[in-house]
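The values are calculated or read from the model by the stated rules, or taken from the named source; none is laboratory data. In this text, all values refer to a predicted model and were calculated from it rather than measured experimentally. Please note: Cβ atoms are built from the backbone with ideal geometry, for glycine as well, and neighbour counts cover all protein chains shown. Note: accessible area is taken over every heavy atom of the protein model, side chains too, but ligands, DNA and RNA are not part of it. Shrake-Rupley method; radii C 1.70, N 1.55, O 1.52, S 1.80 Å.
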Amino acid sequence: VQLQASGGGLVQAGGSLRLSCAASGGTFSSYGMGWFRQAPGKEREFVSRISWNGSSTRYADSVKGRFTISRDNAKNTVYLQMNSLKPEDTAVYYCAGSRKYYSGYDTLGYDFWGQGTLVTVSS
């Protein structure tokens, strides 16, 4: 399975971005999917995850109410809509896939990783 993340860029604080992650190979519709991020000098951290059929979503407290994860299994794509962005959201964002229907919050629970897309939020 290959994951290709896109949609990052430079945005002012308070702005919005939508990240996309397109999957190829495997059976995307059976995978739990997640988004993680890694800021310079920090460890990779959980942002959000969505179950195989989209019925269950979870968010880190730091993004709850501002970010929305969704998926389109017909397009083999998972999205992360990011609103009200803050400078502390600046990071490389990674999408990840798990063979489990309901993926978790730890990087060890994911089997496939995209290459990352950089999000920079200016103050």
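Considering every residue within segment 15-30, establish whether at least one is open to solvent by less than 50 Å² (accessible area, probe 1.4 Å), among the charged types (D, E, K, R) and at negative phi.
no
Does residue 51 satisfy being farther than 17 Å from residue 24 by Cβ and open to solvent by less than 30 Å² (accessible area, probe 1.4 Å)? Let's see the steps before the verdict.
On the way: farther than 17 Å from residue 24 by Cβ: yes; open to solvent by less than 30 Å² (accessible area, probe 1.4 Å): yes.
Criteria met by residue 51.
Select from segment 1-29 the residues that are small (Gly, Ala, Ser) and in a loop (DSSP other than H, G, I, E, B) and list them in ascending order. Explain how you work it out, then say what you get.
Going residue by residue through segment 1-29, those that are small (Gly, Ala, Ser) are 5-9, 13-16, 20, 22-26, 29.
Passing the criteria: 7, 8, 13, 14, 15, 16, 25, 26.
Might you check whether a residue that is assigned to a loop (DSSP other than H, G, I, E, B), at pLDDT below 95 and not small (Gly, Ala, Ser) occurs anywhere in segment 62-79? Quick ask: steps written out before the conclusion?
Step one: of segment 62-79, the residues assigned to a loop (DSSP other than H, G, I, E, B) are 62-66, 73-76.
Next, from what is left, pick out any that are at pLDDT below 95: none.
Looking through segment 62-79, none of the residues is assigned to a loop (DSSP other than H, G, I, E, B), at pLDDT below 95 and not small (Gly, Ala, Ser).
When you scan segment 30-38, do you find a residue that is assigned to a helix (DSSP H, G or I) and over 17 Å from residue 2 (Cβ atoms), even just one? Give the derivation first.
Keep residues of segment 30-38 that are assigned to a helix (DSSP H, G or I), which gives 30.
Filter once more, so that each one left must be over 17 Å from residue 2 (Cβ atoms): none.
Scanning segment 30-38 turns up no residue that is assigned to a helix (DSSP H, G or I) and over 17 Å from residue 2 (Cβ atoms).
Yes/no per residue for (1) out of contact with any Cys (no Cβ under 7 Å at 6 or more places or on another chain); (2) modelled with pLDDT of 95 or more; (3) hydrophobic (A, V, I, L, M, F, W, C):
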| site | (1), (2), (3) |
| --- | --- |
| 3 | no, yes, yes |
| 8 | yes, yes, no |
| 15 | yes, yes, no |
| 22 | yes, yes, yes |
| 25 | yes, no, no |
| 32 | yes, yes, no |
| 35 | no, yes, yes |
| 40 | yes, no, no |
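Keeping to segment 39-51, report how many residues are assigned to a strand (DSSP E or B) and either without any contact (Cβ under 8 Å) to a residue 24 or more places away in the chain or within 15 Å of residue 108 (Cβ to Cβ) (or both). Spell out the reasoning first.
Taking segment 39-51 and keeping what is assigned to a strand (DSSP E or B), we get 45-50.
In the following step, the residues that additionally are either without any contact (Cβ under 8 Å) to a residue 24 or more places away in the chain or within 15 Å of residue 108 (Cβ to Cβ) (or both) were identified as 45-46, 49.
Of the residues in that region, 3 qualify.
Does segment 67-85 include one or more residues that are under 13 Å from residue 120 (Cα atoms), surrounded by 15 or more Cβ atoms within 10 Å (Cβ to Cβ) and either touching a Gly at 6+ places or on another chain (Cβ under 6 Å) or of a type outside the set (A, V, I, L, M) (or both)?
yes
Kindly indicate the residue of segment 86-103 that is among the charged types (D, E, K, R) and in a loop (DSSP other than H, G, I, E, B) and also least open to solvent (accessible area, probe 1.4 Å) among those meeting that condition. Talk me through it step by step, then tell me what you get.
The initial filter retains those residues of segment 86-103 that are among the charged types (D, E, K, R), namely 86, 88-89, 99-100.
Filter once more, keeping what is in a loop (DSSP other than H, G, I, E, B): 86, 99-100.
On the way: 86: 83, 99: 155, 100: 137 Å².
The extreme case among them is 86.
Go through segment 104-123 residue by residue and tally those that are over 12 Å from the mean Cα position of the chain (by Cα), among the polar types (S, T, N, Q) and part of a strand (DSSP E or B).
2
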